[in-house]
Amino acid sequence: GGTAYVTLPVEGGLPSNAFYQKFKGGGWAPFILTNLDDNDNEVEHGKIFSTLSGGVCPAVPADPAVDPSPYTPGLKTGDDCVLLSIIDGGANDADAQANGVVEDPGTFGSLDGTPGADVGAGGCTLSTETTSPFKHAEWLLLGGAVGWMAMRRRRQQKLH
């Protein structure tokens, strides 16, 4: 269960009341900072920081847990770079396994001030399905190749 650090540029900067959410288990869930274990002990699952960079996200600090500079904790309106701290196998790792791989399908959103209303910050969508128009082209190619091989075999059998 190591920790992965991910920097995310945010075109146009973070909106007011911004939040980060994850796509897990077929639905959207909040990015979890901490929660309580079975013994009511607080367990850290991740951290979130932001900074105003002017277009290029700064490098991940040497030890963000101790000194996240130039990033500051939380999501600040107008900041254009976000640094996520995600624990491998933790609540924010979409594969939920401490396996050396952190999966982070997520997006930003903001609350518009109306209770229960949220608006996407970037107009992005996330799908678990491919959207390629050639989604099943490999099957067509495979079928064509098998058909060609069958025709060739028949021709060879007729010649013998």
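The values are calculated or read from the model by the stated rules, or taken from the named source; none is laboratory data. This is a predicted model, so every value here is computed, not measured. For neighbour counting, all protein chains shown are included, and Cβ atoms are generated from backbone atoms with ideal geometry for every residue, glycine included. Heads up: the accessible areas ignore ligands, DNA and RNA and are worked out on the full protein's heavy atoms, side chains in. Shrake-Rupley method; radii C 1.70, N 1.55, O 1.52, S 1.80 Å.
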Please find, among V102, V60, the residue that is open to solvent by less than 70 Å² (accessible area, probe 1.4 Å), in contact (Cβ under 8 Å) with a residue 60 or more places away in the chain and of a type in the set (V, I, T).
-> V102
So which pairs qualify, if the first residue must be in the range 1-15 and over 16 Å from V56 (Cβ atoms), the second must be open to solvent by 40 Å² or more (accessible area, probe 1.4 Å) and assigned to a loop (DSSP other than H, G, I, E, B), the Cβ gap must be under 6 Å, and the two must be at least 6 apart or on different chains?
-> G1/A98; A4/V102; Y5/V60; L14/L75; L14/T77; P15/A121
Inspect the range 23-44 for any residue being at pLDDT below 95, among the aromatic types (F, W, Y), open to solvent by less than 50 Å² (accessible area, probe 1.4 Å) and more than 20 Å from Q97 (Cβ to Cβ) and give the result as yes or no.
-> no
Being part of a loop (DSSP other than H, G, I, E, B) and either among the basic types (K, R) or over 12 Å from F31 (Cα atoms) (or both) is the filter here, so list the residues in the range 89-110 that pass it.
-> G89, D95, A96, Q97, A98, N99, G100, V101, V102, E103
Could you run through the range 42-88 and say how many residues are among the hydrophobic types (A, V, I, L, M, F, W, C) and not in a strand (DSSP E or B)?
-> 9
Count - residues of the range 2-25 that are of a type in the set (G, A, S) and within 21 Å of S110 (Cα to Cα) | 4
Across the range 111-123, what is the total count of residues that are modelled with pLDDT under 50, part of a loop (DSSP other than H, G, I, E, B) and surrounded by 10 or more Cβ atoms within 10 Å (Cβ to Cβ)?
-> 2
Would you mind stating whether T7 is under 13 Å from the mean Cα position of the chain (by Cα), among the β-branched types (V, I, T) and closer than 20 Å to G100 by Cα?
-> yes
Mind checking which pairs have a first residue in the range 34-55 that is farther than 14 Å from L14 by Cβ and a second that is small (G, A, S) and open to solvent by less than 80 Å² (accessible area, probe 1.4 Å), Cβ under 7 Å, 6 or more apart or different chains?
-> N35/A91; H45/G90; H45/A91; G46/S85; G46/G90; K47/S85
Considering residues that are among the aliphatic types (A, V, I, L, M) and open to solvent by 50 Å² or more (accessible area, probe 1.4 Å), the number found within the range 48-57 is 2
Some residue of the range 70-84 being free of Cβ contacts under 8 Å to residues at least 40 places away in the same chain and open to solvent by less than 30 Å² (accessible area, probe 1.4 Å) | yes
